[in-house]
1. What is the calculated FRET efficiency for ASP180 to ALA148, with r their C-beta to C-beta distance and R₀ = 30 Å, to the nearest 0.05?
2. Compute the length gained on full extension between ALA188 and GLU70: take 0.36 nm times their separation in residues and subtract their Cα-Cα distance, giving the result in nm to one decimal.
3. With a bin width of 5 angstrom, please list the P(r) values of the range 199-340 as percents of all Cα-Cα pairs, from the 0 bin to the one holding the largest distance.
4. Suppose R0 equals 51 Å. What FRET efficiency, 1/(1 + (r/R0)^6) with r the Cβ-Cβ distance, do GLU95 and LYS286 give to the nearest 0.05?
5. For LYS156 and SER354, calculate 0.36 nm times their separation in residues minus their Cα-Cα distance, and state this gained length in nm to one decimal.
6. Ordered by residue, what ³J(HN,Hα) values in Hz, to whole numbers, does the range 367-374 give under the Karplus form 6.51 cos²θ - 1.76 cosθ + 1.60, where θ = phi - 60° and Gly and Pro are x?
7. For the range 22-71 and the range 110-160, write down the distance between their C-alpha centroids in whole Å.
8. Mind giving me the FRET efficiency for ARG132 and HIS29? R0 is 22 Å, r the Cβ-Cβ distance, nearest 0.05 is fine.
Amino acid sequence: MPPELNAAVIGAGPSGLMAAEVLSAGGVHVTVYDRMPSAGRKFLMAGRGGLNLTHSEDFSAFLGRYGAAEPRLRAAIEAFPPQAVRAWCQGLGQETFVGSSGRVFPKSLKASPLLRAWLRRLAAAGVGFAFRHRWTGWDTSGRLQFDAPAGRVSAKADAVVLALGGASWPRLGSDGGWIDTLGHAGVAVAPLRPANCGFIARWSDVFRDRFEGQPLKRIELAFRGQRVRGEAIVTRDGLEGGAVYALSAALREAIAACGEAVLHIALRPDLSAAELQQRLAVPRGKQSLSTFLRKAVNLSPPAIGLLNEAAASASLRLASMDAAALAALINAVPVRLVGTAPLERAISTAGGVSFAALDEHFMLRGRPGTFAAGEMLDWEAPTGGYLLQASFATGAAAARGALAWLSGRGVTAL
């Protein structure tokens, strides 16, 4: 590597910090720029749910979670797979464990100890940080431009890794402000859309006011041949939660194409139609229907409320339904979704820098020496460790690409 080369990493989230680590280990002086006052703010927020780092499932199934983007992400994830994430975490003094769902977490179940150890290691390696620096593009000589507390500043770099995130949770740093900058530079960017997001349903006032914030547990969601078991939360506007997020891409695209998507919810997926019908055929006597459903098939109040909501939408009365019809409804409650929750409330983002704009090393074809990584690329994945895994892996891959480019192209500054 030629001496005294320097790289700029723009974005201090997981992909940017991983890029900085790999670049620094390759002998390059690195400065990380971020518009926020500190590093890893979205990473820390993710840690409030236990910090799901990656997943332990079969690797081929794991790769399949990335859908259409899998061929473009495969090499990066193979080079930095789930086992490597766990080893890296352990190297920072944070042991990991596999949960009952197969998800991988640090034993502390927190992001802050891991982030602190990571930042200490980066500082010890000589990585510099410039916070409150919003990247605004390049000047006519190719120098990076930033809006900073001192005003407009510029910086020269021999290589750049862009890791600016998507546009979900903008208050934590990722606001999609880079889209116009790259668009003006001729970089193809697919429109940003919410991923792992909630959806809008037109609840009745009664259902919304009574059940907002309550969970639907141990359910199964079905949409166009896909089935997901888990939980959902009734929101004031619709539904959200892990099981909903797993279907968010298909639901989002259906709504974009047709204006709505009808999701079916099995409230007792562990019981067959015959078993449900047998339980429901027992005379309920003087019990109210709600009490009967609670005792006979163990339905929770929000589940019973959802049944009533679906029946009312179809101009039906639950009390007048026979056991067969009621059993069928319980395990296929239709919920009409008419929109997605706002992008800023989504867990992650779909869309971003097109892979066609990148070479196999994550370098922008139209701007040699500038690489892109993380959630700002055009991919999406469900929650469960897949988001952080690909962010780590593409950050490392972009940095390796930058090192290879610097080694071959050397000292010409951008």
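What follows draws every value from the coordinates through simple rules; no lab data is involved. Bear in mind that the values here come from a model prediction, so they are computed numbers and not experimental data. Using ideal geometry, Cβ is built from the backbone for each residue, glycine included, and neighbour counts are taken over all protein chains shown.
1. Working: r = 19 Å, r/R0 = 0.64.
Efficiency, from the Cβ-Cβ distance: 0.95.
2. Additional length available on full extension: 40.6 nm.
3. Histogramming the range 199-340 at 5 Å steps yields 2, 10, 20, 24, 20, 14, 7, 2, 1, 0 percent.
4. Values: r = 57 Å, r/R0 = 1.12.
It comes to 0.35.
5. Result for the pair: 68.7 nm of gain on full extension.
6. Taking θ as phi minus 60°, the curve returns 9, x, x, 10, 10, 9, 8, x Hz for the range 367-374.
7. 17 Å
8. On the way: r = 21 Å, r/R0 = 0.95.
The value I calculate is 0.55.
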